[in-house]
Amino acid sequence: MAAFGLVNAALILGSAALLGAAAQLARDPFGDAASLVQLLYVVSGGLWSAGGIFFGLWLIPMGWCVLRSGWMPRALGWILVGGGVGYVLDTFVGYLAPGLAAAADVLVVPATAGELWMIGHLLVRGVRRPAPQPAPQPARQL
């Protein structure tokens, strides 16, 4: 789970670095500055989109952890899982059907709602201690 978050962070940082380079080149141009700025901007967008896949892959196990832990509301876990799937689908729709990219942006709304809910829940309530214990399972016969 952490690896997906780290890859997302690295891609987003790379995107930000390219946008910074494009802004600096626009302020102090050399060569074919307009083409270079456009190229940096397009590559930055590609990195941001690839980061969306890994952000979705980060949210799915986070939602699963919320569901399994019992420390937070189950609905929050399902919203995070749905939001993670939405991020992955949104990225693929953006590449495979660019005309539907604006409509596909609706797929990430659950992720935004889940993130805000999780932040609010952690700030206001924290986690329940101790987590509710599941019912004991009967012993298996060999």
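The values are calculated or read from the model by the stated rules, or taken from the named source; none is laboratory data. Predicted model only: the values in this text are computed from it and were never measured. Glycine gets a Cβ as well: all are built from the backbone with ideal geometry, and neighbour counts include every protein chain shown. Keep in mind that these areas ignore ligands, DNA and RNA; they rest on the heavy atoms of the full protein, side chains included. Shrake-Rupley method; radii C 1.70, N 1.55, O 1.52, S 1.80 Å.
One equal scatterer on each Cα of the stretch 15-142, no solvent, Debye formula: the resulting log10 I(q)/I(0) at q = 0.17 Å⁻¹ is -0.91. The angle between the Cα long axis of helix 109-124 and the main principal axis of the chain comes to about 60°, on a 0 to 90 degree scale.
Toward the positive end of the charge dipole of the stretch 27-142, with +1 on the Cβ of Lys and Arg and -1 on the Cβ of Asp and Glu, the farthest Cα among Ala97, Gly82, His121 is that of His121. Roughly speaking, to the nearest percent, how much of the chain's 1.4 Å accessible area is carbon and sulfur? The computed percentage sits at 72. Distance from the C-alpha centroid of the stretch 63-126 to that of the stretch 20-47: 32 Å, rounded to the whole angstrom. Think of the chain as a dipole: +1 on every Lys or Arg Cβ, -1 on every Asp or Glu Cβ, centred on the Cα centre; then among Gln141, Gly52, Gln24, Gln141 lies furthest on the positive end.
State which stretch of the chain is the longest one without any exposed trypsin sites (Lys or Arg not before Pro), exposure meaning a DSSP loop state and at most 15 other Cβ atoms within 10 Å.
Values: sites that count: Arg125, Arg128, Arg140.
Segment 1-124 is the longest.
Just the number please: accessible area per residue for the chain, 1.4 Å probe, all protein chains included, in Å². Using a 1.4 Å probe on heavy atoms only, each residue of the chain averages 66 Å². Size descriptor for the stretch 1-69, Kirkwood hydrodynamic radius: 13.3 Å (Cα pairs only, one decimal).
Overall, the chain carries a charge dipole of about 880 debye about its Cα centre when +1 sits on the Cβ of Lys and Arg and -1 on the Cβ of Asp and Glu, all other atoms neutral.
How large is the helix-only mean residue ellipticity at 222 nm for the chain, computed as the sum of -39500 (n - 2.57) over DSSP H runs with n ≥ 4, divided by its residue count, in deg cm²/dmol to the nearest 500?
On the way: 5 runs with 106 residues, N = 142.
Rounded to the nearest 500, it is -26000 deg cm²/dmol.
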